[in-house]
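Report on the structure given below.
The values are calculated or read from the model by the stated rules, or taken from the named source; none is laboratory data. These figures come from a predicted structure and were not determined experimentally. Glycine gets a Cβ as well: all are built from the backbone with ideal geometry, and neighbour counts include every protein chain shown.
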Amino acid sequence: MHLIQAFKGLRPASGRAPEIVAPPYDVLSSSEARERAAGKPFSFLHISKPEIDLPLDTDIYSPQVYAKAAENLHKMIEAGVLVRDAAASYYVYRIIMGSHVQTGLVASASVADYDKNRIRRHELTRPDKEDDRVRQIEALSAQTGPVLLAYPKAPVVDAILQAATAAEPIADAVADDGIRHTVWAISDVATLEQLTAQFDAMHALYIADGHHRSAAASRVCAARKAANAAHSGSESYNYFLSVIFPDHELKILDYNRVVTDLNGLTAEQFLASIAGAFSVTPSAAAVKPAQHGEVGMFLGTQWYRLQIKPELVPQDPVARLDVSLLSEHLLGPVLGIADLRRDKRIDFVGGIRGLPELEKRVASGEMAVAFAMYPTTMADLMAVADADQIMPPKSTWFEPKLADGLLSHVLD
């Protein structure tokens with residue numbers, strides 16, 4: 001089996017991509033999805049968030065939700081809005097957000113290589129969220145939400161993808177947020193074989209985002225394999241929908257922290273308590289960390305620059321992460337927050353919202369203190385994955401997000 005393979009993509013018919021393209025299913029609430037899809041009968045949100053077409057009090061995990069997704073998918077195929085390519089292809093996917101451009105390969109990736117950790121993960125998954133994706137895949141008999149992967153340095157692959165963008169795209173759409181999504185097809189047999197060989201030579205791929213989708217694909221594969229007496233390994237369920245970008249093009253933003261209270265301390269006591277692990281310097285301007293070990297802190301009406309003391313930074317790939325250092329030396333011992341997943345006193349703010357959002361949350365009285373983090377790097381992520389370790393919750397925030405609806409992988 002190959003690490004990746006071409007597939008017959010289910011995609012928008014010519015000129016229909018702007019009507020279909022939608023944000024990923026997990027970045028919108030049901031109410032936000034209803035608003036986004038209003039007046040758009042072919043928005044992919046009708047498939048990825050099908051509860052928007054059911055009564056408001058519908059449980060989003062009820063069987064009728066998954067059945068509605070399948071019904072909506074079939075309607076879009078019957079209407080000719082979605083079409084399936086006759087020949088297996090790879091696809092090139094380019095995203096443009098402002099001045100940032102990233103160009104990757106859409107392929108089906110090997111479940112077997114995911115299971116043996118050649119497609120490497122860095123996050124834990126939640127069973128309830130895995131269950132949701134399993135039901136969605138089984139209801140549709142298709143994977144519609146791509147997993148975001150990264151490939152290590154591969155100039156030959158980069159060059160092939162770049163050359164493919166000189167052709168006429170098969171889909172081109174600017175989403176509601178102004179981000180442009182463009183797709184090209186590669187069907188030339190020699191190029192397909194070259195790309196497959198290039199990826200087969202790679203030691204690993206890395207999951208950037210989509211741990212629940214990949215885990216769900218593995219579960220679906222195991223179930224279908226067990227039920228198929230003639231299983232050969234070539235079936236489509238042995239692979240999962242992926243978009244694979246060069247690691248140097250992926251953009252990770254800061255994932256910031258806000259806390260409701262100072263754990264019974266006054267502001268003065270709190271500042272004194274953190275001085276053992278950090279140098280603390282008031283700042284006249286908002287502090288956006290510029291290097292590893294630096295944290296911006298907004299307390300009261302004042303910004304501070306925190307710098308972890310160098311002797312406290314270990315070599316372990318997880319423990320040396322900025323988010324780990326903040327937890328180990330401030331959130332835990334000073335603020336009493338030991339479980340980032342369950343403690344209701346802490347919340348997380350994606351860097352796309354900027355530092356003013358941190359100031360706003362504190363100034364409103366909702367939060368007592370905010371921490372602006374230095375972004376985790378792709379090198380950090382890959383080091384953790386290579387060590388078969390797990391990152392702390394809310395360590396990475398990738399932008400731009402992949403769009404839903406541009407390509408789906410049908411499980412024949």
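Residue under question is Leu148, and the condition is that it be under 22 Å from Ala403 (Cβ atoms) and either at pLDDT below 95 or touching a helix residue (DSSP H, G or I) at 6+ places or on another chain (Cβ under 6 Å) (or both); does it hold? No: the conditions fail for Leu148.
Test Val157 against the criterion of being surrounded by 15 or more Cβ atoms within 10 Å (Cβ to Cβ), β-branched (Val, Ile, Thr), at pLDDT 95 or above and over 23 Å from Leu82 (Cα atoms), and give yes or no. Walk me through how you get there before you give the answer.
On the way: surrounded by 15 or more Cβ atoms within 10 Å (Cβ to Cβ): yes; β-branched (Val, Ile, Thr): yes; at pLDDT 95 or above: yes; over 23 Å from Leu82 (Cα atoms): yes.
Considered against the rule, which asks whether it is surrounded by 15 or more Cβ atoms within 10 Å (Cβ to Cβ), β-branched (Val, Ile, Thr), at pLDDT 95 or above and over 23 Å from Leu82 (Cα atoms), Val157 comes out as yes.
If we scan region 105-121, do we find a residue that is in contact with a Lys or Arg (Cβ under 6 Å, 6 or more places away or on another chain), assigned by TED's automatic domain parsing to the domain that holds Lys8, of a type in the set (D, E, K, R) and in a strand (DSSP E or B)? The answer is no; no qualifying residue exists.
Looking at region 56-83 only, could you name the residues that are assigned to a helix (DSSP H, G or I) and among the β-branched types (Val, Ile, Thr)? Spell out how you get there, then give the answer.
Of all residues in region 56-83, those assigned to a helix (DSSP H, G or I) come to 63-78.
Across region 56-83, the qualifying residues are Val65, Ile77.
Please find, within region 376-395, the residue that is modelled with the highest pLDDT out of those that are among the charged types (D, E, K, R) and in a loop (DSSP other than H, G, I, E, B).
Residues of region 376-395 among the charged types (D, E, K, R): 380, 386, 388, 394.
From the residues that got through so far, the ones that are in a loop (DSSP other than H, G, I, E, B) too are 388, 394.
Values: Asp388: 96, Lys394: 91.
Restricting to residues being among the charged types (D, E, K, R) and in a loop (DSSP other than H, G, I, E, B), the top hit is Asp388.
Of all residues in region 305-326, those satisfying the criterion of being buried (at least 21 other Cβ atoms within 10 Å of the Cβ) and part of a strand (DSSP E or B) are Leu306, Ile308.
Here Ser214 clears all of (1) over 30 Å from Arg361 (Cα atoms); (2) touching a Pro at 6+ places or on another chain (Cβ under 8 Å) except the condition numbered (2).
Every condition in (1) within 23 Å of His248 (Cβ to Cβ); (2) in contact (Cβ under 8 Å) with a residue 12 or more places away in the chain is met by Gly98 except one, and the failing one is (2).
One line per residue, one yes/no per condition, for (1) within 30 Å of Phe44 (Cα to Cα); (2) in contact (Cβ under 8 Å) with a residue 60 or more places away in the chain; (3) surrounded by fewer than 15 Cβ atoms within 10 Å (Cβ to Cβ):
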{"position": "Gln302", "(1), (2), (3)": "no, no, yes"}
{"position": "Met367", "(1), (2), (3)": "no, yes, no"}
{"position": "Ala372", "(1), (2), (3)": "no, yes, no"}
{"position": "Val384", "(1), (2), (3)": "no, yes, no"}
{"position": "Lys401", "(1), (2), (3)": "yes, yes, no"}
{"position": "Leu406", "(1), (2), (3)": "yes, yes, no"}
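For region 51-66, what are the residues that are over 12 Å from Ser29 (Cα atoms), surrounded by 16 or more Cβ atoms within 10 Å (Cβ to Cβ) and free of Cβ contacts under 8 Å to residues at least 40 places away in the same chain? Write out each step before concluding.
Residues of region 51-66 over 12 Å from Ser29 (Cα atoms): 53-59, 61-66.
Adding the requirement that they be surrounded by 16 or more Cβ atoms within 10 Å (Cβ to Cβ) leaves 53-54, 58, 65-66.
Listed by number, the residues that qualify are Asp53, Leu54, Thr58, Val65.
Pull up region 257-287, narrow it to residues that are aliphatic (A, V, I, L, M) and either outside any loop (DSSP other than H, G, I, E, B) or not assigned by TED's automatic domain parsing to the domain that holds Ile352 (or both), then point me to the one that is farthest from Leu326 (Cα to Cα). That would be Ala267.
A quick yes/no check of all residues on (1) under 14 Å from Ala6 (Cα atoms); (2) more than 17 Å from the chain's Cα centre (by Cα); (3) not basic (Lys, Arg):
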site: Tyr90; (1), (2), (3): yes, yes, yes
site: Ser99; (1), (2), (3): no, yes, yes
site: Asp113; (1), (2), (3): no, yes, yes
site: Lys116; (1), (2), (3): no, yes, no
site: Arg126; (1), (2), (3): no, no, no
